[in-house]
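Below is one structure, written out as structure tokens; comments come after it.
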Amino acid sequence: MTTLDSIKKFISKNNWLLAKSMPDTPHWYVLRNPTNSIEFDLFANYIHANGVLRKWGSYGYIYLDIDSFTYWTMNNSEGEKSLINRAELKTTNEAATNQVFKKCPNCKRLTAESEYKKFTKTTNGVTRTFWRCPVCESFKQAAKKGLLKK
Ligand SMILES: [Zn+2]
């Protein structure tokens, strides 16, 4: 069994408790205890050896992503790793990477698809769909206003 296999076993057999202290940033934790200490330490050391430093509020933690969760450790007052936290990855990270980007036909900027303004135009009985990126849209609106002033 590889280290990662034993870690995944540890993840699935433990009962992850919801941290009620921070309802805005839901995460779960497992405390180190005499029965899980060997696997706990293996996992905690693995996080530190393979994780990446990310900022979380004003603190930096070493995070390791496994499947759909990210894991990080917390120390007790003696500086020992005493709990492992986990949070679902989908919240901000995944939402950003899953977004579909589209190139604007006009200015060639890449913009998230959801930010485009769609509109239709009917010429000679044929309706066609167009879309405009937020930048082109603001230029268009500014031009319109400019025309109205004249
Ligand atoms: Zn554009």
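The values are calculated or read from the model by the stated rules, or taken from the named source; none is laboratory data. What you are looking at is a predicted structure, and each value in this text was computed from that prediction instead of being measured. Please note: Cβ atoms are built from the backbone with ideal geometry, for glycine as well, and neighbour counts cover all protein chains shown. For accessibility, only protein heavy atoms count, side chains too; no ligands or nucleic acids. Shrake-Rupley method; radii C 1.70, N 1.55, O 1.52, S 1.80 Å.
Miscellaneous remarks
- Strands (runs of 3 or more DSSP E) wholly inside segment 36-109 containing at least 2 residues that are at pLDDT 85 or above: 52-56, 59-66, 69-75, 81-88
- Cβ pairs under 6 Å, 6+ apart, first in segment 44-56 and of a type in the set (D, E, K, R), second surrounded by 13 or more Cβ atoms within 10 Å (Cβ to Cβ): R54/Y63
- Filtering segment 110-150 to residues that are within 11 Å of the ligand (Cβ to nearest atom), assigned to a strand (DSSP E or B) and within 30 Å of S68 (Cβ to Cβ) leaves L110, T111.
- Cβ-Cβ contacts under 6 Å between residues 6 or more apart (or on different chains), taken from a first residue in segment 125-150 that is surrounded by 10 or more Cβ atoms within 10 Å (Cβ to Cβ) to a second residue that is β-branched (V, I, T), are listed as C133/T111.
- Given (1) out of contact with any helix residue (DSSP H, G or I) (no Cβ under 8 Å at 6 or more places or on another chain); (2) among the hydrophobic types (A, V, I, L, M, F, W, C); (3) open to solvent by less than 80 Å² (accessible area, probe 1.4 Å), number of the condition F43 does not satisfy: (1)
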